[in-house]
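Quick notes on the structure that follows.
The values are calculated or read from the model by the stated rules, or taken from the named source; none is laboratory data. Note that the coordinates shown come from a computational prediction; the quantities given were computed from them, not determined experimentally. Cβ: placed from backbone, ideal geometry, glycine included. Neighbour counts: every protein chain shown.
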């Protein structure tokens, strides 16, 4: 289903955050439309790392890795979060670098491991995709575009912006993501259209701001991603939303999410509560 007009916030979010452009402004401008049409080569392209957290994804992770556009992404890292199946083998077979956690620590800890890898190895941009294939890697250039052009340090994918799309999304999931986004916007006092999207690109220099501290134990599971978005917005970094596709499984018998209905939604929502009331940093 195509996304409707919903909240028109792309400009709003940018205008809220544009006042703090300085330290994180990109210096390289590339015409992505020309690059996609083959008229220019990305000679000045920054080093981009794709991170795919994965837990018991099996063969699905191979399809994700193979779909990552090599012209844009230098390395794909799959963080195997304690899978009991052959996720790591499939990822390696598809050409990914695999980080094995050994135990299931949570998606937040997995993403953090990928960011650590990026920092330690000199990557400039991190793109986070779903290991289960909900976020089409073919759309990674959409997220890279505003960062490389210096328009953002965090590009958040949104299925609800004009040009975005959601496929086979269950009604209760649609209601949940809409309601959560409304509450997130109220607590953050910044209008966003899709606060629960896991599809984003981040300029690594954002973490030079020590007020954004992903390395806290309470962020190990679903808390890290909303924490990052909330902090980047409140600290007035350059954040934009980008229309993307979120695609749910079409195969019967595959769970559309690994989240538990009440417990894990609270984990997603509590960063907004804790940060709004200054209970956490």
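Before we move on, is residue 222 part of a loop (DSSP other than H, G, I, E, B), modelled with pLDDT of 95 or more and within 16 Å of the chain's Cα centre (by Cα)?
Spelling it out, residue 222 is indeed part of a loop (DSSP other than H, G, I, E, B), modelled with pLDDT of 95 or more and within 16 Å of the chain's Cα centre (by Cα).
So, in segment 28-64, exactly how many residues are in a helix (DSSP H, G or I), surrounded by 13 or more Cβ atoms within 10 Å (Cβ to Cβ) and at pLDDT below 95?
Within segment 28-64, the first condition is being in a helix (DSSP H, G or I), and the residues that meet it are 32-36, 60-64.
Okay, now just the ones that are also surrounded by 13 or more Cβ atoms within 10 Å (Cβ to Cβ), so 32, 35-36, 60-64.
Retained after the next criterion (residues that are at pLDDT below 95): 32, 35-36.
Looking only at that region, the number is 3.
Take residue 192 and tell me if it is crowded, with 24+ Cβ neighbours inside 10 Å, farther than 27 Å from residue 47 by Cα and in contact with a helix residue (DSSP H, G or I) (Cβ under 6 Å, 6 or more places away or on another chain).
Details: crowded, with 24+ Cβ neighbours inside 10 Å: yes; farther than 27 Å from residue 47 by Cα: yes; in contact with a helix residue (DSSP H, G or I) (Cβ under 6 Å, 6 or more places away or on another chain): yes.
Judged against the criteria, residue 192 is a match.
Specify the residue that is nearest to residue 233 (Cα to Cα); the eligible residues are those in segment 140-157 that are in contact with a strand residue (DSSP E or B) (Cβ under 7 Å, 6 or more places away or on another chain) and surrounded by fewer than 21 Cβ atoms within 10 Å (Cβ to Cβ).
Filtering segment 140-157 down to residues in contact with a strand residue (DSSP E or B) (Cβ under 7 Å, 6 or more places away or on another chain) leaves 140, 142-144, 146-147, 151-157.
Still in the running and surrounded by fewer than 21 Cβ atoms within 10 Å (Cβ to Cβ): 142, 151.
Values: 142: 20, 151: 14 Å.
Ranking the qualifying residues of segment 140-157, first place goes to 151.
Quick check: is even one residue across segment 65-72 out of contact with any helix residue (DSSP H, G or I) (no Cβ under 7 Å at 6 or more places or on another chain), surrounded by fewer than 20 Cβ atoms within 10 Å (Cβ to Cβ), closer than 27 Å to residue 268 by Cβ and in contact (Cβ under 8 Å) with a residue 24 or more places away in the chain? Outline the logic, then answer.
Residues of segment 65-72 that are out of contact with any helix residue (DSSP H, G or I) (no Cβ under 7 Å at 6 or more places or on another chain), as a first pass: 66, 70-71.
Checking the rest, the ones that are also surrounded by fewer than 20 Cβ atoms within 10 Å (Cβ to Cβ) come to 66, 70-71.
Imposing the further condition that a residue be closer than 27 Å to residue 268 by Cβ reduces the set to none.
No, the conditions are met nowhere in segment 65-72.
Does residue 124 satisfy the condition of being surrounded by fewer than 22 Cβ atoms within 10 Å (Cβ to Cβ) and touching a strand residue (DSSP E or B) at 6+ places or on another chain (Cβ under 6 Å)?
On the way: surrounded by fewer than 22 Cβ atoms within 10 Å (Cβ to Cβ): yes; touching a strand residue (DSSP E or B) at 6+ places or on another chain (Cβ under 6 Å): no.
Against the criterion (surrounded by fewer than 22 Cβ atoms within 10 Å (Cβ to Cβ) and touching a strand residue (DSSP E or B) at 6+ places or on another chain (Cβ under 6 Å)), residue 124 does not qualify.
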